[in-house]
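Working notes for the structure below.
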Protein chains: 2
Amino acid sequence: MPSRADTTVHRGRILDLALETHALPDGREAVFEMVRHPGGAGVLPVLEDGSVLLIRQFRPAAGGAILEIPAGSLEQGEEPEDCARRELREEAGMVAEQLQSLGWFYSSVGFCDERIHLYIARKLSRVERSLDPDEFIEPVVLSPEQTGELLARGEVRDAKTLIALQYWLLERDHERGA
Amino acid sequence: MPSRADTTVHRGRILDLALETHALPDGREAVFEMVRHPGGAGVLPVLEDGSVLLIRQFRPAAGGAILEIPAGSLEQGEEPEDCARRELREEAGMVAEQLQSLGWFYSSVGFCDERIHLYIARKLSRVERSLDPDEFIEPVVLSPEQTGELLARGEVRDAKTLIALQYWLLERDHERGA
């Protein structure tokens, strides 16, 4: 955990950056560059016919648009499941009767404490989308076969999206008795 | 791509932080907090008997030790495959005759350009490990069944490790005709 002598380099809109001193397992201390992030939630919507809904979203870090599941950062005091439902409504224009938790993961544990909570949403109904003014999002519906092909061609580039899609495909395999 | 008026907030040992102005798809501009990272490579070693080798590693961002595949950041000018082979030798004490590329992904594309290249290593031989002085790493060998249980219990918390293990399990399913 952070200790004395920590220096906050940047306090930002979606992240903070600090130089933190931590005790190593052998008792020595070392300074780590640490991105502190509130965490987030992502949700894979599975439609009635077994296809999934992804979004193609403009991302400066990727130099263009990439395929992702609906997702976003936790707002102050927000529970991960509420965040997933909010992003599902805002980005995909859907509400879900059923939300299955897939657990959470660290996106880049070497330098960042961001935890992303993942869900699969089923029994969906359409509502109006409500995008932020700087979000540019296009929905993309994919069959399991198309999803498998995209994965095989290495065209899914986003960590949370890969983890959710592979989880879903593994679950399908197991239901079919692999 | 970064444009005029970008401000570097921090130039660090493993990452830089900048406030960057990017054109949005509608032509307007917006400022983004952007962590710039050299990228990295991770490698899942699959042993002769079909088990995998993970490492338990101390990570300040996780507040303790977590399970990961051997991995690290690209050194200046280093190719991802060379990075994977280097980390395999340093962290797992192994060299591989066969390295299968699984592609690459963005760890957290909302605010960071880090790309992690993934590999599966097979036909392994043991060599001496050579850890950095602030790396505390313990090897853990897991059967496919143990790996499946860890995933099902949500005890794998690291993105690159989840993606590599899920990929490996899906490939196994497909080889067995799922």
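Peptide A:6-18 is shielded by partner chain Cβ atoms: per residue, an average of 3 of them sit within 10 Å of its Cβ.
Extending each Cα 7 Å along its Cβ direction at residue A:23 and residue B:29, get the distance between those two points in nm, one decimal. Each label point lies 7 Å from its Cα, and together they span 4.9 nm. Summing Lys and Arg as +1 and Asp and Glu as -1 over all other residues whose Cβ lies under 11 Å from the Cβ of residue A:90 gives a net charge of -1.
Suppose we look only past 31 Å in the calculated P(r) of the protein assembly as shown. What percent of the Cα-Cα pairs does that tail hold? All intermediate terms of the calculation are to be shown ahead of the outcome.
Values: 21180 of 63190 pairs.
The proportion of pairs with Cα distances above 31 Å equals 34 percent.
Partner chain Cβ atoms within 10 Å, averaged over the residues of B:100-107 - can you pull that number for me? Mind showing how you got there, number by number?
On the way: counts 0, 1, 2, 8, 2, 9, 13, 11.
Per residue, the average neighbour count from other chains is 6.
In this calculation the C-beta distance from residue A:11 to residue B:123 is compared with R0 = 41 Å, giving a FRET efficiency of 0.25. Measuring from centroid to centroid over Cα atoms, what is the spacing of segment A:71-149 and segment B:12-42 in Å? Using only Cα atoms to place each centre, the spacing works out to 22 Å. Peptide packing: for B:17-26, A:150-159, the average count of neighbouring Cβ atoms within 10 Å per residue gives the ranking A:150-159, B:17-26, highest mean first. The fraction of Cα-Cα pairs per 10 angstrom bin, counted from 0 for segment B:46-178, comes to 11, 42, 38, 8, 0 percent, rounded to whole percents. Residue-wise HN-Hα couplings along segment B:154-163, as the Karplus relation 6.51 cos²θ - 1.76 cosθ + 1.60 with θ = phi - 60° gives them from phi, are x, 9, 9, 10, 9, 4, 4, 6, 4, 5 Hz; Gly and Pro carry x. Inter-chain Cβ neighbour count for A:155-163, averaged per residue, equals 6 (cutoff 10 Å, partner chain atoms only). Applied to segment A:91-102, the Karplus parametrisation 6.51 cos²θ - 1.76 cosθ + 1.60 on θ = phi - 60° returns per-residue 3J(HN,Hα) values of 9, 10, x, 9, 10, 10, 6, 10, 10, 9, 7, 9 Hz, with x for Gly and Pro. Extension gain, residue B:56 to residue B:140, is 29.6 nm, computed as 0.36 nm per intervening residue step minus the present C-alpha separation. Close amide H contacts of residue B:59 (hydrogens built in the peptide plane, cut-off under 5 Å, sequence separation of 5 or more or a different chain): B:64, B:65, B:66.
Calculated [222 nm] ellipticity per residue, helices only, for chain B: -7000 deg cm²/dmol; basis is -39500 (n - 2.57) per DSSP H run with n ≥ 4, divided by all residues, nearest 500. Once backbone amide H atoms are built at 1.01 Å from N, residue A:12 has A:17 as its partners under 5 Å, excluding neighbours fewer than 5 places away on the same chain.
Magnitude of the charge dipole for the protein assembly as shown, about its Cα centre and with charges confined to Cβ atoms of Lys, Arg (+1) and Asp, Glu (-1), is about 60 debye.
With contacts defined as alpha carbon pairs under 8 Å and 6 or more residues apart, what's the relative contact order of chain A in percent?
On the way: 356 pairs, mean separation 39.6, N = 178.
Normalised by residue count, the contact order of chain A is 22 percent.
Label-point spacing for residue B:177 across the identical copies (point 7 Å from Cα in the Cβ direction), in nm and ascending order: 1.2.
Show me A:79-89, A:6-16 ranked by packing, highest mean number of other Cβ atoms within 10 Å first. It would help to have the intermediate numbers written out before the result.
Details: A:79-89: 19.5, A:6-16: 14.5.
Highest-to-lowest ranking by the protection proxy: A:79-89, A:6-16.
Values quoted throughout were computed directly from the atomic coordinates according to the rules given, and no laboratory measurement underlies them. Keep in mind that this is a model prediction, so the values were computed, not measured. So basically every Cβ, Gly included, is an ideal-geometry build from the backbone, and we count neighbours across all protein chains shown.
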